Amino acid sequence: MDNKSEIYHTSNINWYPGHMAKTRRMLEENIKLVDVVIEILDARIPQSSRNPHFSDIVASKPRLIILNKSDMADSAKTEKWLAFYRKNNIKALCVSCQTGKGVNQIAPEIFELAKDKIEKYSQKGIKKSIKVMIIGIPNVGKSTLINRLVGKAAAKTGDRPGVTLSKQWIRLKDGLELLDTPGILPPKLEDQDAALKLAYTGAIKDEIMETELICYSLLENLIINYPELLIERYKLSEIQGLKGYELLEKIGRKRGCLISGGEVDMSRAANIVLEDFRSLKIGRITLDFAEEYNE
Ligand code: G4P
């Protein structure tokens, strides 16, 4: 690794002190109350947007993985992720909470995951809803999914006269209730590669790492994995072998991001590239590859 790359190092970033323990307690408490857990991941970075520190707790209940923001991900790569989950016997769906695509497949999958429980209830003659909670790191789309699932028809079950519950449950449809507050997991920051991918996507805020450094790293990643999209977007010629900062300088020059003396305003150029990436202007991109992982 050269000097320039070493300064991307992120190990000095700390999630709030005590946050992991607090999250653990919250999860342990809430998971006891539910039958199925929905874990939302960002389809562009399914591995980096997971936090494996909580897998042991989550594993105690049937789990549905939602690869959200699939409208922004490379669809061929998303297919590979879905095949990967199938191979590992994990239920997973590819969804776009923004467009609504795939959202109507969620309820049937939950009923399927909870079929033993439903069967047990029916044998005992009990009529009870299947209870679900949503978990995920910040910015993966938890609130957007809740809004999508809830729509207009939902009623908080605690609002019914005579019903007192310490938790608020939202009735989604007959036989299905959702915990109204999602479980927010801390992003996985100790893995530098994952932390950088979280920074590209905006899951961790730019103040934590310098925008220019995030952008150099993103460009180096894209030079390897999506060179044709970069060439097309910024009307470039040969880019192979360039360092991130060399490419950013070229892009900045093309975009007229100049300061006195004809130098490139790297900060402005970095903001343009990151904004282009986050608003899909570079194209649909996936930066974690299923082939590299074993569940
Ligand atoms: P969170 O609760 O997990 O923290 O995430 P939240 O729902 O707040 O979503 C984070 C951002 O991601 C929001 O954008 C939201 O609109 C966007 N988003 C959620 N699902 C999808 C999706 O399937 N596709 C795309 N393209 N975007 C999605 P934002 O810019 O932060 O807020 P806003 O401008 O939409 O209000």
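The values are calculated or read from the model by the stated rules, or taken from the named source; none is laboratory data. Just so we're clear, the structure is a prediction, and the values are computed from it rather than from any experiment. Quick reminder, even Gly has a Cβ in these numbers, built from the backbone with ideal geometry, and neighbours come from all protein chains shown. For the accessible areas, the whole protein counts, side chains as well, though only heavy atoms, and no ligand, DNA or RNA atoms are used. Shrake-Rupley method; radii C 1.70, N 1.55, O 1.52, S 1.80 Å.
Structure values in brief
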quantity: ILE126 vs. criteria among the β-branched types (Val, Ile, Thr), open to solvent by 70 Å² or more (accessible area, probe 1.4 Å), more than 16 Å from the ligand (Cβ to nearest atom) and over 17 Å from the mean Cα position of the chain (by Cα); calculated: yes
quantity: Lone qualifier among SER70, SER122, SER96 - being of a type in the set (Ser, Thr, Tyr), under 26 Å from ILE170 (Cβ atoms) and modelled with pLDDT under 95; calculated: SER122
quantity: When residues of segment 68-77 are limited to those that are open to solvent by 20 Å² or more (accessible area, probe 1.4 Å) and in a loop (DSSP other than H, G, I, E, B), the one farthest from the ligand (Cβ to nearest atom); calculated: ASP74
quantity: Count of residues meeting criterion [open to solvent by 70 Å² or more (accessible area, probe 1.4 Å) and free of Cβ contacts under 8 Å to residues at least 24 places away in the same chain] in segment 247-291; calculated: 12
quantity: Considering residues of segment 139-171 that are of a type in the set (A, V, I, L, M), in a loop (DSSP other than H, G, I, E, B) and closer than 23 Å to VAL103 by Cβ only, the residue modelled with the lowest pLDDT; calculated: ALA153
quantity: Which numbered condition ASN89 misses (of (1) outside any helix (DSSP H, G or I); (2) more than 28 Å from GLY175 (Cα to Cα); (3) open to solvent by 60 Å² or more (accessible area, probe 1.4 Å); (4) not hydroxyl-bearing (Ser, Thr, Tyr)); calculated: (2)
quantity: Whichever residue in segment 116-138 is part of a loop (DSSP other than H, G, I, E, B) and not aliphatic (A, V, I, L, M) and, among such residues, is nearest to GLU39 (Cα to Cα); calculated: PRO138
quantity: Number of the condition not met by TYR200 [criteria: (1) open to solvent by less than 20 Å² (accessible area, probe 1.4 Å); (2) in the same structural domain as THR23 (by TED's automatic domain parsing); (3) in contact (Cβ under 8 Å) with a residue 60 or more places away in the chain]; calculated: (2)
quantity: Neighbours by Cβ (under 9 Å, 6+ apart or cross-chain): first from segment 231-243, assigned by TED's automatic domain parsing to the domain that holds ASN221; second in a loop (DSSP other than H, G, I, E, B) and exposed (fewer than 14 other Cβ atoms within 10 Å of the Cβ); calculated: ILE231/SER237; ILE231/GLU238; ARG233/LYS281; LYS243/ASP2
quantity: Filter result for the condition that a residue is more than 30 Å from HIS19 (Cβ to Cβ) and either part of a helix (DSSP H, G or I) or at pLDDT 95 or above (or both), over GLU291, GLU238; calculated: GLU291
quantity: Hits in segment 183-197 - residues which are open to solvent by 40 Å² or more (accessible area, probe 1.4 Å) and either within 23 Å of ARG24 (Cβ to Cβ) or basic (Lys, Arg) (or both); calculated: ILE184, GLU190, ASP191
quantity: Residue tally, condition within 13 Å of the ligand (Cβ to nearest atom), in a loop (DSSP other than H, G, I, E, B) and in contact with a strand residue (DSSP E or B) (Cβ under 6 Å, 6 or more places away or on another chain), over segment 39-61; calculated: 2
quantity: The listed residue being open to solvent by 20 Å² or more (accessible area, probe 1.4 Å) and more than 24 Å from ASN139 (Cβ to Cβ), out of GLU210, GLU220, GLU228; calculated: GLU228
quantity: Test result for THR99, within 24 Å of ILE204 (Cα to Cα), assigned to a loop (DSSP other than H, G, I, E, B) and either out of contact with any Asp or Glu (no Cβ under 7 Å at 6 or more places or on another chain) or of a type outside the set (A, V, I, L, M) (or both); calculated: yes
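Here's the yes/no breakdown for (1) within 16 Å of the ligand (Cβ to nearest atom); (2) on the phi > 0 side of the Ramachandran plot; (3) of a type in the set (Asp, Glu):
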site: VAL37; (1), (2), (3): yes, no, no
site: ARG63; (1), (2), (3): no, no, no
site: GLU79; (1), (2), (3): no, no, yes
site: ARG86; (1), (2), (3): no, no, no
site: ILE90; (1), (2), (3): no, no, no
site: GLN98; (1), (2), (3): yes, no, no
